[in-house]
Amino acid sequence: MRNAQVYRWQIPMDAGVVLRERRLKTRDGLFVRLRLGEAEGWGEISPLPGFSLETLEEAQVAVMAWVQAWQQGNDPELPPLPSVAFGLSCALAELHNELPLAADYRAAPLCTGDPDELFAVLEVMPGEKVAKVKVGLWEAVRDGMVVNLLLEAIPDLQLRLDANRAWTPLKAQQFAKYVNPEYRPRIAFIEEPCRSRDDSRAFAQETGIAIAWDESLREAGFTFTAEPGVKAVVIKPTLTGSLQRVCEQVAAAHAQGLTAVISSSIESSLALTQLARIAAWLTPDTMPGLDTLNLMQAQLIRRWPDSNLPCMTYESLDPLL
């Protein structure tokens, strides 16, 4: 017999989390719990404000309609809203034992401010040293100096940078001017440095700094194409859609010789553990970008290994269904 529950949740965020010039005080979302006999599957639906096209309220309406149809014995199509399609497809995959349990819990540590904090993490980081730095939040010259400092101080460091299309071509050049050309090959890539794809391509050609597509993946007409200077694509399943869609994008990227990176959209610990499983399954040779749990003040349902944050159980949540 089919049974389902839907829970709504909210987690307080650390004070300094800013997304596209708006402060994110809480992270809000839904959980879906599907049960069929002894089998069980969980999924998270948490649209990211400022990035997802759908609101949480719109997602909730779609989830409730789908779940009610599913409980009646139907197999409805997944809704078109990306966060809903992702969460429901994860719940179904767990229910039918189609999401491998093996997980890649490695996380490229994220630096959003003080580089000294990143030094401390990297000093004790075993194996491959990969870190991510948010750029474009401050002056481009400052960003260039911080990146240069990190690369100079840690000779085996590979940096992933994320600009979120913050720079004009002039600011992008100001950034590059302060990064020693000898260090630039150790910038694994910079995600979408400029506001237009053509400006980002020109930046890569002029500076020798590799770029990655992120927002571009979700624009109409985007195709996975091998291009000079383009090294990777960053796939954020909450913003992408169903597991099938994620699989298709990873396969399309790999077919063009591009690195595919599974990345977080600041999901709860439950979805983060699922993203770690997806990364181990689809991109086993690439460290995922999942170091966002420390932006929150609690975990939910499933624990991330070695996290000291308190973990709330589903019994503490109010079911909507």
*Within the stretch 141-163, which residues are among the charged types (D, E, K, R) and either closer than 14 Å to E182 by Cα or touching a residue at least 40 places away in the same chain (Cβ under 8 Å) (or both)?*
E152, D156, R160, D162
_Selection from the stretch 90-143 of residues that are of a type in the set (D, E, K, R) and touching a strand residue (DSSP E or B) at 6+ places or on another chain (Cβ under 6 Å)_ = E94, K129, K132, K134
*Inside the stretch 267-297, can you point out the residues that are among the aliphatic types (A, V, I, L, M), modelled with pLDDT of 95 or more and open to solvent by 10 Å² or more (accessible area, probe 1.4 Å)?*
A280, L282
_Matching residues, the stretch 33-47, being surrounded by fewer than 21 Cβ atoms within 10 Å (Cβ to Cβ) and within 19 Å of S269 (Cβ to Cβ)_ = E40
*Where a residue in the stretch 308-321 is farther than 16 Å from E40 by Cα and its partner, wherever it lies, is among the charged types (D, E, K, R) and open to solvent by 70 Å² or more (accessible area, probe 1.4 Å), with Cβ under 8 Å and at least six apart*: C311/R303; L317/R8; D318/R8; L320/R8
*asked:* Take the conditions open to solvent by 30 Å² or more (accessible area, probe 1.4 Å), over 23 Å from the mean Cα position of the chain (by Cα) and either among the small types (G, A, S) or at positive phi (or both) and apply them to G73. Does it pass?
replied: yes
_Subset of the stretch 11-25 (residues that are surrounded by 13 or more Cβ atoms within 10 Å (Cβ to Cβ) and touching a strand residue (DSSP E or B) at 6+ places or on another chain (Cβ under 9 Å))_ = I11, M13, V17, L24
*If E219 satisfies every condition in (1) at pLDDT below 95; (2) open to solvent by less than 20 Å² (accessible area, probe 1.4 Å) but one, which is the exception?*
(2)
_Against the conditions (1) closer than 22 Å to I11 by Cβ; (2) in contact (Cβ under 8 Å) with a residue 12 or more places away in the chain; (3) surrounded by fewer than 22 Cβ atoms within 10 Å (Cβ to Cβ); (4) not acidic (D, E), where does V63 fall short? Just the number, please._
(3)
*Does at least one position in the stretch 231-238 carry a residue that is open to solvent by 10 Å² or more (accessible area, probe 1.4 Å), closer than 25 Å to E94 by Cβ and out of contact with any His (no Cβ under 7 Å at 6 or more places or on another chain)?*
yes
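Have a look at L92, L30, L101, L78 and point out the one that is open to solvent by less than 70 Å² (accessible area, probe 1.4 Å), at pLDDT 95 or above, assigned to a loop (DSSP other than H, G, I, E, B) and not polar (S, T, N, Q).
Exactly one of L92, L30, L101, L78 is open to solvent by less than 70 Å² (accessible area, probe 1.4 Å), at pLDDT 95 or above, assigned to a loop (DSSP other than H, G, I, E, B) and not polar (S, T, N, Q), namely L78.
The values are calculated or read from the model by the stated rules, or taken from the named source; none is laboratory data. Everything numeric here is computed off the predicted structure, so don't read it as measured data. Positions of Cβ are backbone-derived with ideal geometry, glycine not excepted, and every protein chain shown enters the neighbour counts. When the accessible area is computed, the model is the full protein with side chains, heavy atoms only, and any ligands, DNA or RNA have been set aside. Shrake-Rupley method; radii C 1.70, N 1.55, O 1.52, S 1.80 Å.
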